[in-house]
Amino acid sequence: MRNIKLLIEYDGKDFNGWQKQPNKLNIQGEIERAISEITKEDSIELNASGRTDAGVHALGQVANFKTNCNMPVEKFPIAINTKVKNSIVIKGAEEVDDRFHSRYNCKKKTYRYVINNSEYGSAIYRNHECHIPQKLDVNAMKEAIKYFEGEHDFKGFKASGTSSKNSVRKIFKTKIQVDGDRIYIELTGSGFLYNMVRIISGTLVDVGLGKISSSDIPEIILSGDRKRAGKTLPPQGLYLLKVEY
């Protein structure tokens, strides 16, 4: 049996998230259906590096599946792309060791959150960024984001009802870039809690608006109090940028 690793890009606005769900359009189910048609195998199971929510995008999602199909590995992207919606593109495929698992072998993930900080926003890109018309203090946000680096208990930065009991995560690198009216927030970590990136981004927005001081971030992290962090920003601004193994 072969183990095939895929590199996947998708526009999440048309889907109810990554995870397969009955009677709801999802990315996992769409790709599994295509692979089953190609391989003539009904038991295809696609394992992703992590699940993305409804409306969230990916530029570098990674997933793997096992198959007895003898198709050359470089042909899989072409074949799958002809059978999935245009909002999904398989960007690459490689045959990997049988023990490889996209989720369990992941070492780092990088997420990007995109903010349009113009006065009126964009009609064209409204499903691919978060519009915040109030002018943000980017220098204060750059100062604040550095406090998230390192290993912390991010209990105050996860959605209520999150099943994960251990909320300790390590963030290796943070970055904020500005390109015209757009602000790009990037976080690279060992893993992220449910809605963690969107809550951290919302907290940075509050810093940019002057509602929270950048120097208050360490205390907010230590408190573990969700009410002290910022709001959860909407999903359309979030991208899974890269997965490292």
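The values are calculated or read from the model by the stated rules, or taken from the named source; none is laboratory data. Because the structure is predicted, anything quoted here is derived from the model rather than measured. Positions of Cβ are generated from backbone atoms using ideal geometry, with glycine treated the same way; all protein chains shown enter the neighbour counts. Remember, those area values only see protein heavy atoms, side chains included, never the ligands or the DNA or RNA. Shrake-Rupley method; radii C 1.70, N 1.55, O 1.52, S 1.80 Å.
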**OP:** Identify the residue in segment 8-50 that is of a type in the set (A, V, I, L, M, F, W, C) and over 15 Å from the mean Cα position of the chain (by Cα) and, among all such residues, is farthest from LEU241 (Cα to Cα).
**Re:** ILE38
Original post:
In this structure, does ALA159 turn out to be small (Gly, Ala, Ser), assigned to a loop (DSSP other than H, G, I, E, B) and out of contact with any Asp or Glu (no Cβ under 8 Å at 6 or more places or on another chain)?
Top reply: yes
**OP:** Name, by its number, the condition in (1) of a type outside the set (Val, Ile, Thr); (2) open to solvent by less than 30 Å² (accessible area, probe 1.4 Å); (3) touching a Gly at 6+ places or on another chain (Cβ under 9 Å) that does not hold for LYS231.
**Re:** (2)
**OP:** Name every residue in segment 161-212 that is farther than 18 Å from GLN236 by Cβ and aliphatic (A, V, I, L, M), in order of residue number.
**Re:** VAL168, ILE171, ILE176, VAL178, LEU193, VAL207, LEU209, ILE212
Original post:
Mind checking whether some residue in segment 71-84 is touching a residue at least 60 places away in the same chain (Cβ under 8 Å), over 30 Å from ILE200 (Cα atoms) and of a type in the set (Asp, Glu)?
Top reply: no
Original post:
Looking at segment 99-114, is at least one residue open to solvent by less than 50 Å² (accessible area, probe 1.4 Å), farther than 30 Å from PRO218 by Cβ, hydrophobic (A, V, I, L, M, F, W, C) and modelled with pLDDT of 95 or more?
Top reply: yes
Original post:
Filtering segment 135-156 down to residues that are in contact (Cβ under 8 Å) with a residue 40 or more places away in the chain, out of contact with any Asp or Glu (no Cβ under 7 Å at 6 or more places or on another chain) and among the small types (Gly, Ala, Ser), which residue is surrounded by the most Cβ atoms within 10 Å (Cβ to Cβ)?
Top reply: ALA144
**OP:** Give the residues of segment 17-54 that are surrounded by fewer than 18 Cβ atoms within 10 Å (Cβ to Cβ) and within 13 Å of SER87 (Cα to Cα), sorted by residue number.
**Re:** LEU25
Subject >> Members of segment 118-134 that are in contact (Cβ under 8 Å) with a residue 60 or more places away in the chain and either open to solvent by 60 Å² or more (accessible area, probe 1.4 Å) or touching a His at 6+ places or on another chain (Cβ under 8 Å) (or both) >> reply: SER118, ARG126, HIS128, GLN134
Subject >> Residue selected from segment 166-206 under the condition buried (at least 17 other Cβ atoms within 10 Å of the Cβ) and among the polar types (S, T, N, Q), by the criterion farthest from TYR245 (Cα to Cα) >> reply: THR203
